[in-house]
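For reference, the structure is listed below as structure tokens.
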């Protein structure tokens, strides 16, 4: 029975149903589960001194594309919107290989972990014709190496350019191949149990890159296997025009016809829903992954998050792909969301604490989990702490729940714990050789970019 004590926390922001903030508190973790929070000091195998620190539930990411870590900050795409951005980058991504997937996953997951994320979700949908059969397997290997919880969504593209879609034909797969691999991955990795470290969802990429057949068959398979469904939806007006042209329906109506509505479904972005569609999402408890930085960078629009929250739509926070965000930092995403909605909604905007809850409890609900996202007895021992006794935070410590939204936090967490095990300390990942990973990742990234014409 392994035990861990977090002692002398200046404040514990629980994000529980009562929104409690506990001052001068200790947290006892036993076999990866929280067993006590309060003023008493308990004996433990390992002790982490949290003096001067605020402690938070581990952040939960609800949408990402880790492979895009290798295509960050490319000058040729910086002023593009989604469709031309994708078309340009597909030419590079067709050169992905197993090692690219593993090292981009280590890199992107590692950055997330350093900034307090304890549950990583990824949506991988690019599978070149050769050498891609175990891409998702490699992502699980990377997650296990780092010690982070991982939700893999098996993405796919089945509608290429010759069929009226956006991706090149050599990056699409047939429906049977896609569904067979989805089932393989669910059987190999998916663990539905409480405190699971591995989960799988089925995730055709988007309405403009997959066929109706795939959407319908994926929904049937997911429910047969008891797993969740995920895709991009209502991200851009271009997508809306595509759906109206190809199927004569708005995107959400199209997805509903394909069986993609319900509490086991969540959409990435969800910017361009109308009033009636927001009510349908709320009534059916269909979730949304909010990606503020990506939405701003690609000029896609402003998600109607305040209205979603008021209606009761499940909303989680997400960084999105590193090529449309250029970093994997959920703390930064909290501040981006806070400022975006303050500008757009003024007094009706969520508070900094509301958005913290979106990144914890809200994200957990979107992923269908009730064992993560809050610090209370019986929940997973996933947490991180930040040092408040630094120059940059002078005069900022009166509202621990709002800190990340109103002030921001621009350095790695002091400590990150997943399942009662410390995985990062003072900005250093404890279970990998960061220098070796950095060196190998840069080599692979350069090779891929050169092959795809991304750099000379």
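A short reminder: the numbers here are calculations on the coordinates, not readings from a lab. Keep in mind that this is a model prediction, so the values were computed, not measured. Every residue, glycine as well, gets a Cβ built from its backbone with ideal geometry; the counts of neighbours run over all protein chains shown.
Quick notes on this structure:
- Length-normalised contact order for the chain - Cα pairs under 8 Å, 6+ apart - percent: 21 percent
- Computed from label points 7 Å out along Cα-Cβ, the spacing between residue 390 and residue 345 is 2.9 nm.
- Coarse-grained scattering of the chain at q = 0.06, 0.08 Å⁻¹, given as base-10 log I(q)/I(0) from a Debye sum over alpha-carbon atoms: -0.23, -0.42
- Packing-based exposure ordering (other Cβ within 10 Å, fewest first) of 121, 197, 385: 197, 385, 121
- With the simple spin-label model, which puts each label point 7 Å out from Cα in the Cβ direction, the residue 220 to residue 161 separation comes to 3.2 nm.
- Extension gain from residue 7 to residue 426, taking 0.36 nm per residue of separation minus the Cα-Cα distance: 149.1 nm
- Fewest-first ranking of 322, 263, using other Cβ atoms within 10 Å as the exposure measure: 263, 322
- The range 69-111 shape via C-alpha gyration tensor axes, a/c threshold 1.5: oblate
- Crossing angle, helix 330-345 versus the chain [Cα axis fit, 0-90 degrees, rounded to tens]: 70 degrees
- Estimated purely from DSSP H runs of n ≥ 4, each contributing -39500 (n - 2.57), the mean residue ellipticity at 222 nm for the chain is -10500 deg cm²/dmol once divided by its residues.
- Within the range 190-323, antiparallel bridges make up roughly 0 percent of the DSSP beta bridges whose residues both belong there.
- Spin-label pair residue 194/residue 134, simplified geometry with 7 Å Cα→Cβ offset, distance in nm: 3.5 nm
- On Cα atoms only, tilt of 237-247 relative to the major axis of the chain in degrees: 50 degrees
- Angle between the chain longest axis and helix 212-225 axis [Cα atoms, degrees, rounded to 10]: 40 degrees
- Pairwise FRET efficiency - residue 78 versus residue 42, Cβ, R0 = 41 Å, nearest 0.05: 0.20
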